[in-house]
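Report on one structure; see the data block that follows.
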């Protein structure tokens, strides 16, 4: 009788431990589903935002104010291979952070045709977010824009190219790769702030600091393009005189 009485509490304790372990495993499975990224081809935008949010929160301490719907600007400088992130505030444009390119193709000068490997130069917008990119995640810019198409028509160029992205990975053919970790942060920021609220300025060099050098043999319209880019960049203070977003 004494032995049987002792077995009762032990069985109850063992059963309780088993139940706790089972509950823990269920919670872990749910957490894993929430924090792991689905395979390419199966992801929704919501899946990516849920996955990338912790990384974005760590990268951007003021994430709430950075995703309030006011415009963002991405400034890409080809010679320095760096992308600057800026946020519009009540005090004007405020610098957020910089990302180095993780790869590069082409040379200085605008993109002219499909297959030339050139990163475009001009003033663009993010027009599409791709959660199932072959390059982890990607953001499509609206190249060729009206200016690009008009200049191509004047030059007799029938195919100025298309499908230009800011993306993850380190490979690039005419796009801007930032690496997987960086694109997760930036993808979240752009998506959470509103897909249509991000301007992209791609310049051959930092035209805030010095005039552009025209590529040898460039068409007359390239000077006009560089003048437009330089004027747009005047709203963004260079590193030695700017205030970074808190």
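Candidates are the residues of region 231-246 that are surrounded by 16 or more Cβ atoms within 10 Å (Cβ to Cβ) and at pLDDT 95 or above; the one that is farthest from residue 151 (Cα to Cα) is 236. Within region 35-58, restricting attention to residues that are in contact with a strand residue (DSSP E or B) (Cβ under 7 Å, 6 or more places away or on another chain) and part of a loop (DSSP other than H, G, I, E, B), the residue that is farthest from residue 133 (Cα to Cα) is 44.
Residue-wise test of (1) modelled with pLDDT of 95 or more; (2) under 27 Å from residue 89 (Cβ atoms); (3) buried (at least 22 other Cβ atoms within 10 Å of the Cβ); (4) not assigned by TED's automatic domain parsing to the domain that holds residue 232.
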position: 119; (1), (2), (3), (4): yes, no, yes, no
position: 122; (1), (2), (3), (4): yes, yes, yes, no
position: 155; (1), (2), (3), (4): yes, no, no, no
position: 159; (1), (2), (3), (4): yes, no, no, no
position: 180; (1), (2), (3), (4): yes, no, no, no
position: 202; (1), (2), (3), (4): yes, yes, yes, no
position: 210; (1), (2), (3), (4): no, no, no, no
position: 213; (1), (2), (3), (4): no, no, no, no
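Out of curiosity, is residue 164 without any contact (Cβ under 8 Å) to a residue 60 or more places away in the chain, crowded, with 20+ Cβ neighbours inside 10 Å and within 15 Å of the chain's Cα centre (by Cα)? Judged against the criteria, residue 164 is a match.
Applying the criterion of at least 3 residues that are under 24 Å from residue 47 (Cα atoms) to the strands (runs of 3 or more DSSP E) found wholly in region 117-229 leaves 122-133, 136-141, 165-167. Each residue in region 59-82 was checked for being touching a residue at least 40 places away in the same chain (Cβ under 8 Å), in contact with a strand residue (DSSP E or B) (Cβ under 6 Å, 6 or more places away or on another chain) and within 30 Å of residue 109 (Cβ to Cβ), and 7 of them qualify. Would you call residue 80 under 18 Å from residue 192 (Cα atoms) and either exposed (fewer than 15 other Cβ atoms within 10 Å of the Cβ) or at pLDDT 95 or above (or both)? Considered against the rule, which asks whether it is under 18 Å from residue 192 (Cα atoms) and either exposed (fewer than 15 other Cβ atoms within 10 Å of the Cβ) or at pLDDT 95 or above (or both), residue 80 comes out as no.
The values are calculated or read from the model by the stated rules, or taken from the named source; none is laboratory data. Just so you know, these numbers come straight off a predicted model, no measurement behind them. Ideal geometry is used to build each Cβ from the backbone, glycine not excepted, and the neighbour counts take in all protein chains shown.
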